[in-house]
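Shown next, in C-alpha cells, is the structure this report addresses.
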Ligand code: SF4
Ligand code: SF4
C-alpha cells in the first residue's frame, strides 16, 4: 500500500481525532489495493481461504508469494500482484474487495499502521498506532469527525489483532531461543503449521505427524474440523518442535 512518494507516518493515540472517509465515492477507490507491500499473517490467510472456500495450499499458490527472511529464515507471505490489473491485489474487483468481510488486518487498519511491544517478563503487550499519509489516498478529510479508536472499532479489527499478536509472540520466542536463521526443513515446518493449515491437517490425520505425542482423542476430533483450533495447535506444535517447549494445548 505504499507508492514511495511523499509518504509520512505520524504517531497517533487512540483518542486523537481522525478525519477520514473511505468508500466507492472516493476518486481514489481501490488505489490502496495496488503496489502492495504487506505481509499476510496466518490468521489473515485462514480467514480469506475459508471465505473463498479454498484449501490453504490452493489459496497460497494462486494468490500469494513466499519468501524467507534472509536473517531469520522465517516465511514471509505477501499478495501476488495481478499483472492483468496493473499489479493490483489479486482479490480486488471494480466493486472493491472481494473478501471484504474477511480482509487482512493491514487492509482493515489502513490508513493506520499498528506496532506492538511485548514485555518479555510479563507477556503484556503495548500497542502503538501511526497514521500513514500517502499521495494516492484522498480520504483524509478533517470534516469527518472520528477518533482513531472509533475508526478501529468500525473496521472490526480487534480479533485480527488478538490473533496476530500470537504470531508476534511466537517470533519473539524464536528470537530469544533461536536468534539465528531457521534452516530449510524448520522453515518449511513453520510455514506448514501456520500458513498451510489444510496440509498440516492432512499430515496429522493421514501421515501420523503427531504419532507418539499422546494427543487426546477429543483434541484430534477438534483438529479435524476446526481451523481456528488447528492454527492455535500449529503455534503450540512449532513451539514444541522447533523451540523445545512442552506441547501445551489449551483449545
Ligand atoms: S484483500 Fe481486499 S482490501 Fe486488501 S488489498 Fe486485497 S482487495 Fe484490497
Ligand atoms: S480513501 Fe484511501 S483507503 Fe479509501 S479507497 Fe481511497 S486510497 Fe483506499
Q | Fluctuation leader among 104, 24, 216 - the chain, Gaussian network, Cα springs under 10 angstrom | A | 216
Q: Work out Dmax and Rg for the range 29-124 from the C-alpha atoms and quote the Rg first, both in angstrom.
A: 14.7, 49
Q | Using distinct alpha-carbon pairs, which all enter the 1/r mean, Kirkwood radius of the range 64-173 in Å | A | 16.5 Å
Q | Efficiency of FRET between residue 8 and residue 250 - r from beta-carbon atoms, R0 41 angstrom, step 0.05 | A | 0.45
Q: With springs only between Cα atoms under 10 Å apart, run a GNM on the chain and tell me which of 60, 231, 146 wobbles the most.
A: 146
(Q) From the alpha carbon gyration tensor of the range 64-119, can you work out the equivalent ellipsoid semi-axes (sqrt of 5 times each eigenvalue) and give them in Å, largest to smallest? (A) 25, 18, 9
Q: Could you pull out which residues in the range 150-168 have an amide N less than 13 Å from a spot 7 Å beyond the Cα of residue 15, following the Cα-Cβ vector?
A: 150
Q.
Sorted from largest to smallest, which semi-axis lengths in Å does the alpha carbon gyration tensor of the range 151-209 give for its equivalent ellipsoid, taking the root of 5 times each eigenvalue?
A. 27, 19, 8
Q. By how many nm would the segment from residue 144 to residue 61 grow when fully extended, if each residue of separation counts as 0.36 nm and the alpha-carbon distance is taken off?
A. 25.9 nm
Q.
Can you compute the modelled spin-label distance between residue 162 and residue 229, with each label point 7 Å from Cα toward Cβ, in nm?
A. 1.8 nm
Q: Please give the FRET efficiency for residue 181 paired with residue 221, using the beta carbon to beta carbon distance and R0 = 45 Å, rounded to the nearest 0.05.
A: 0.75
Q) Computed over the Cα atoms, what is the radius of gyration of the chain divided by 2.2 N^0.38 Å, N being its residue count? A) 1.08
(Q) At a 10 Å Cβ-Cβ cut-off, how would you order 162, 34, fewest neighbours first? (A) 162, 34
Q. So for 140, 160, fewest C-beta neighbours within 10 Å to most, what's the order?
A. 140, 160
(Q) Which residues among the range 5-39 fall inside the zone where the amide N is under 20 Å from a point 7 Å beyond the Cα of residue 95, along Cα→Cβ? (A) 22-34
Q. With the radius of gyration and the Kirkwood radius both derived from the Cα set of the range 182-243, what is their ratio Rg to Rh?
A. 0.94
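Computed from the coordinates by the stated procedures, all read-outs in this text should not be read as laboratory data. Everything numeric in this text was worked out from a predicted model, so none of it was measured. Cβ coordinates were reconstructed from backbone atoms using ideal geometry, including for glycine residues, and neighbour counts include every protein chain displayed.
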